[in-house]
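The values are calculated or read from the model by the stated rules, or taken from the named source; none is laboratory data. This one's a predicted model, so the numbers in the text were calculated from it and none came from an experiment. Because the Cβ atoms are built from the backbone with ideal geometry, glycine has one as well, and the counts that use them run over all protein chains shown.
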C-alpha cells in the first residue's frame, strides 16, 4: 500500500479499531518515486529495537507497489541484518530483478542510514493461474479445536498472568490483529502436543478486500511468536532474563489468497536447535481446513547460566 490510498474511504471506516488503523499505517508507505518508499518507524515493541514483522510487512507492501496490480506475492526470503532504532522512519528501496509474463522478482532493502541496512528481502510475485489443486489434510485434532470466541483475547490472557512471560509493552498491547491462543507456554494447557504454539488470528475489525494488504498483514503477524517455539524446551521466551534471542532470517510461502477478515488457525512448532541457532515453522489454515500459507524462521538463541540445567518438557 502507498500513501495515495490513505484517503480511500475504505481505510477510515468507523468499524475499524484504532489499533488496526495504526497497523494499516505501518504498511501504508510514502512513495518517494523511482521505486523508493518511506515507512513509519516502530514503537512499543517491548525492546529497544524493531519487531521483525514490521520489516516484513513494509517490505512486502513496497515490493507489491512495483509489480503489475494483478500479481500477488507467493514467496519471500528475508534477512534481519541490524536492529532498528524505534521512532525513526525507514527508507525502503525496491530493485526490479525480473519481470516476466507470469513471475516478477523484487529485491527490497530497508535502512535508517545510507548503506547501513536493517533488513533485506527477495520476493517473487505471480499472476493467478488455473491448474491442478491439492491441499493436505489439516493437523490431527483440527475438528476439535476450541472456537476463537471461546478463548480470551491475547491482552486478556496476558493480563491474567503474573508474572508476565513477555515485556509488558508487548504482552498487553492491542496491535490490530485479534489473537486467540490455544496452546503456548503461557496458555492454561501449555504448549501443543508437538511442543509448539497454536492460535487463531484475524483482523480486529473489517478490512478492505485488498489481497496485497492482507498478505502484508499476515507477514507482520508471522514473526509475532514463531521464534518463541525454539525456546519452549527451556521454559524461556525472547523476553526472559539471561536470554539472547534474535531473529536471523525468515521465509514465507503464500499458497492461496489470505482473507484476514476470517479466522485462521496458525499451527507453530519447533524444528531443531543447535549451534546457537534454532529453527521453527508454521502452517496457516482457514477455519474450513484449507492450507493458505507456510512460514519458517531461524533465530539466534543463547541461554545464560540460569538455563544450564538443560531443556525440560
message: For segment 158-168: of the residues being in contact (Cβ under 8 Å) with a residue 12 or more places away in the chain and more than 17 Å from residue 228 (Cα to Cα), which is surrounded by the fewest Cβ atoms within 10 Å (Cβ to Cβ)?
response: 161
Checking residue 30 against (1) under 20 Å from residue 222 (Cα atoms); (2) touching a helix residue (DSSP H, G or I) at 6+ places or on another chain (Cβ under 8 Å); (3) not in a helix (DSSP H, G or I), the condition it does not meet: (1)
query: Has segment 2-18 got any residue that is within 21 Å of the chain's Cα centre (by Cα), at pLDDT 95 or above and either under 30 Å from residue 172 (Cα atoms) or assigned to a helix (DSSP H, G or I) (or both)?
result: no
task: Scan segment 51-73 for residues that are more than 23 Å from residue 102 (Cα to Cα) and in contact with a strand residue (DSSP E or B) (Cβ under 7 Å, 6 or more places away or on another chain) and jot them down.
output: 52, 55, 56, 58
- line: Filtering segment 146-180 down to residues that are under 28 Å from residue 214 (Cβ atoms), modelled with pLDDT of 90 or more and in a helix (DSSP H, G or I) yields 148, 149, 150, 154, 155, 156, 157, 158
- line: The lone condition residue 155 fails out of (1) touching a strand residue (DSSP E or B) at 6+ places or on another chain (Cβ under 7 Å); (2) free of Cβ contacts under 8 Å to residues at least 40 places away in the same chain; (3) closer than 21 Å to residue 43 by Cβ is (1)
query: Would you call residue 292 crowded, with 17+ Cβ neighbours inside 10 Å and farther than 14 Å from residue 226 by Cβ?
result: yes
Enumeration of residues in segment 121-136 that are assigned to a loop (DSSP other than H, G, I, E, B) and modelled with pLDDT of 95 or more: 127
- request: Taking residue 76 as the residue in question, decide whether it is modelled with pLDDT of 95 or more and under 26 Å from residue 259 (Cβ atoms).
  value: yes
message: Looking only at segment 83-142, count every residue that is closer than 21 Å to residue 44 by Cα and out of contact with any strand residue (DSSP E or B) (no Cβ under 9 Å at 6 or more places or on another chain) and tell me the total.
response: 2
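Kindly provide the set of residues from segment 55-68 that are more than 20 Å from residue 256 (Cα to Cα) and in a helix (DSSP H, G or I), ordered by number.
Within segment 55-68, the subset more than 20 Å from residue 256 (Cα to Cα) is 55, 58, 62, 66.
Within segment 55-68, 55, 58, 62 qualify.
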task: Could you list all residues from segment 69-120 that are in a strand (DSSP E or B) and surrounded by fewer than 14 Cβ atoms within 10 Å (Cβ to Cβ)?
output: 95, 96, 97, 98, 113, 116
- prompt: Being buried (at least 17 other Cβ atoms within 10 Å of the Cβ), touching a residue at least 12 places away in the same chain (Cβ under 8 Å), closer than 22 Å to residue 90 by Cβ and touching a strand residue (DSSP E or B) at 6+ places or on another chain (Cβ under 9 Å), is that true of even one residue in segment 176-189?
  reply: yes
